[in-house]
Structures are given as C-alpha cells and as structure tokens.
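*Asks:* Could you have a look at this structure, given as structure tokens, before my questions?
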Amino acid sequence: MDDILEEMQAIEAIYCGEKEFELLSQGELSVMFSVTTSPTHHPDLRISLMFTLSVESYPEEVPPFSVQCTSLSRQECEDLKKSLKEEAELLRGSPMVLNILTALQDKQLKVAQTIIADSARPSINDAKVYVLQLDHMRNKTRYVKTIQRWCRDLSIVGGLVFYSRWIFLILQGDEESIKTYIQRNKTQVVDVDSSGRPCKERLLSVLHIGDHPVMLTEFSTCDFKNITDLKEWMMDAKLVDIYESVIAPVVIKK
C-alpha cells in the first residue's frame, strides 16, 4: 500500500492546480482519486479520469478507471478509454497511472486541435461551393501540391477532379477564402507552358457558384478513367445535382 500512496502523492504534486486532483476515498487496501486536465488553448475541454488502485491487483493489472468529459460524446469517451487502456496494458507490472495521464494529455491536445479547426471552418449552411475548370496542367505534381497547400492554408475542402482532358476543381468554404484562392490561382506561377517556362493559370473559369450543402470534410484528388466512376463519386459526395447541371454538360457535349 505504501507504493500506491507514494505514487498517488507524486501525481497530486504534479496535478496541483485548482480542482485537478481530488482524493475520493482511502482505505487500508485501496484508494480512489480523480485527475482532471485541460489543454492550455482549450480550457473547456476538461477530461476527468477516476482511478481505483488496489493492493490486490495493482500494478500487476491495469487499474479500473473511468473517463468523463462534457465536451465529448459517450462513444468518444469510451473510445478514449479503450485507447488509454491499450497503452496501459504495455506497462503492467510497474506504476502506470502517470503514464496514462501523460498519454491522455497527448490525445487531449489532438482532440482540442481538431475542435479548433472545426470551429474555424464555416458551417455547412454558410459555406459556398464553387466549381472551377482549369485549362491545363503540364507539371501535374507541382500544380497539385500548390492547390493542396492553398486549400489547406485557407481551410477549403473539396476535390480536384481529372477526367479525360478535363480538369475540375470543386471548392467548399468561406466565400472570401475561395475568392482568395482564385486570385492566387490566376496571379501566381503554378505551372509551365509548352516551352517549359513558368506560367500562370490565366484561363481558369468559374462554372458554378452556389450554396449547395456539400458533405465534404477534406480535400481529395481524383483521376477518373470513365464517366461512370466520375458520376458515382459525385453521387457519393451528394453532388449529383452539380454533376447534372455543371459537369455533365461540359464533358458530354460534342
């Protein structure tokens, strides 16, 4: 029991902020305590772990613990607990609570970064959808990387679509961000001309601007060999109306 109390006291010394550590019960053979942490840049993401350490099983076995967080769903809490338990299984036989808490903080930071990124992204109802057509892409590797970088920097999602000789760019995001993207695409060097000299995409054209609630969550690049696959991809992305009214008239016309 002395080893358990010593470990608990060390944890209390580390998590000494207001309401971070709380001793819930202490007996001759076990202790129960909780530790609550939150990332510096997202203090509302408070996650509490409640541990029960017993001399009968700890540290030979992973101690029973629960995960609670009002900012996460029950399933997300269960998934987090499962992930922490898997890491703790590798530490059986030695004190592990501090390692579990360290792993929690690493995962907590990633969750906070995701929440911040999602909050910065316009809601699905506020986002604009643009469909652009690019004229050519001779240095494909460089051009694609540039598009991906700009979309990432501007929090734009969507898809770069190659089909036969056509190149379409479907963008979803804040309208000002998309306008900034278009300005960059037209005024900055993105490709090479037929002589291998750096050139700008002066022939970029805007085929569609709308409020269509596209259910895209990332930026992807797709190269389709036939029109059936292209149509299926757009149907899966809930873009069938844009396919029928914007894309199909371009690729099917003779």
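The values are calculated or read from the model by the stated rules, or taken from the named source; none is laboratory data. What you are looking at is a predicted structure, and each value in this text was computed from that prediction instead of being measured. Note: ideal-geometry Cβ built from the backbone for every residue, glycine included; neighbour counts use all protein chains shown.
*Asks:* Would you check which residues across region 73-108 are in a loop (DSSP other than H, G, I, E, B) and of a type in the set (D, E, K, R) and list them?
*Replies:* Of everything in region 73-108, just one residue is in a loop (DSSP other than H, G, I, E, B) and of a type in the set (D, E, K, R), namely Arg92.
*Asks:* Another question, then. All but one of (1) within 12 Å of Tyr181 (Cα to Cα); (2) in a helix (DSSP H, G or I); (3) of a type in the set (Phe, Trp, Tyr) hold for Tyr143, so report the exception by its number.
*Replies:* (1)
*Asks:* Out of the residues in region 8-31 meeting the condition of being in a strand (DSSP E or B) and within 35 Å of the chain's Cα centre (by Cα), tell me which one is surrounded by the fewest Cβ atoms within 10 Å (Cβ to Cβ).
*Replies:* Selected residue: Glu22.
*Asks:* From the list Gly210, Gly173, Gly159, exactly one residue is within 22 Å of Ala248 (Cα to Cα), under 21 Å from the mean Cα position of the chain (by Cα) and assigned by TED's automatic domain parsing to the domain that holds Lys238. Which is it?
*Replies:* Gly159
*Asks:* Please enumerate the residues belonging to region 155-192 that are part of a loop (DSSP other than H, G, I, E, B) and of a type in the set (S, T, N, Q).
*Replies:* Ser155, Ser164, Gln188
*Asks:* With the condition kept exactly as written, say whether any residue in region 50-72 is part of a helix (DSSP H, G or I), surrounded by fewer than 18 Cβ atoms within 10 Å (Cβ to Cβ), in contact (Cβ under 8 Å) with a residue 24 or more places away in the chain and hydrophobic (A, V, I, L, M, F, W, C).
*Replies:* Within region 50-72, not a single residue is part of a helix (DSSP H, G or I), surrounded by fewer than 18 Cβ atoms within 10 Å (Cβ to Cβ), in contact (Cβ under 8 Å) with a residue 24 or more places away in the chain and hydrophobic (A, V, I, L, M, F, W, C).
*Asks:* Go through region 163-202 and report how many residues are out of contact with any Phe, Trp or Tyr (no Cβ under 7 Å at 6 or more places or on another chain) and either of a type in the set (S, T, N, Q) or within 16 Å of Leu239 (Cα to Cα) (or both).
*Replies:* Counting residues in region 163-202 that are out of contact with any Phe, Trp or Tyr (no Cβ under 7 Å at 6 or more places or on another chain) and either of a type in the set (S, T, N, Q) or within 16 Å of Leu239 (Cα to Cα) (or both) gives 14.
*Asks:* How many of the residues in region 77-103 are exposed (fewer than 14 other Cβ atoms within 10 Å of the Cβ) and either touching a Cys at 6+ places or on another chain (Cβ under 8 Å) or in contact (Cβ under 8 Å) with a residue 40 or more places away in the chain (or both)?
*Replies:* Final tally of qualifying residues: 0.
*Asks:* Still on this structure, I have one more. Quick one: would you say Thr187 is closer than 18 Å to Ile242 by Cα and either surrounded by fewer than 18 Cβ atoms within 10 Å (Cβ to Cβ) or assigned by TED's automatic domain parsing to the domain that holds Tyr243 (or both)?
*Replies:* no
Residue-by-condition table, conditions (1) modelled with pLDDT under 95; (2) among the acidic types (Asp, Glu); (3) in contact with a Lys or Arg (Cβ under 9 Å, 6 or more places away or on another chain):
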residue: Leu53; (1), (2), (3): no, no, no
residue: Glu56; (1), (2), (3): yes, yes, no
residue: Thr70; (1), (2), (3): yes, no, yes
residue: Ser73; (1), (2), (3): yes, no, no
residue: Cys77; (1), (2), (3): yes, no, no
residue: Lys81; (1), (2), (3): yes, no, no
residue: Glu86; (1), (2), (3): yes, yes, no
residue: Gly93; (1), (2), (3): yes, no, no
residue: Asn99; (1), (2), (3): yes, no, no
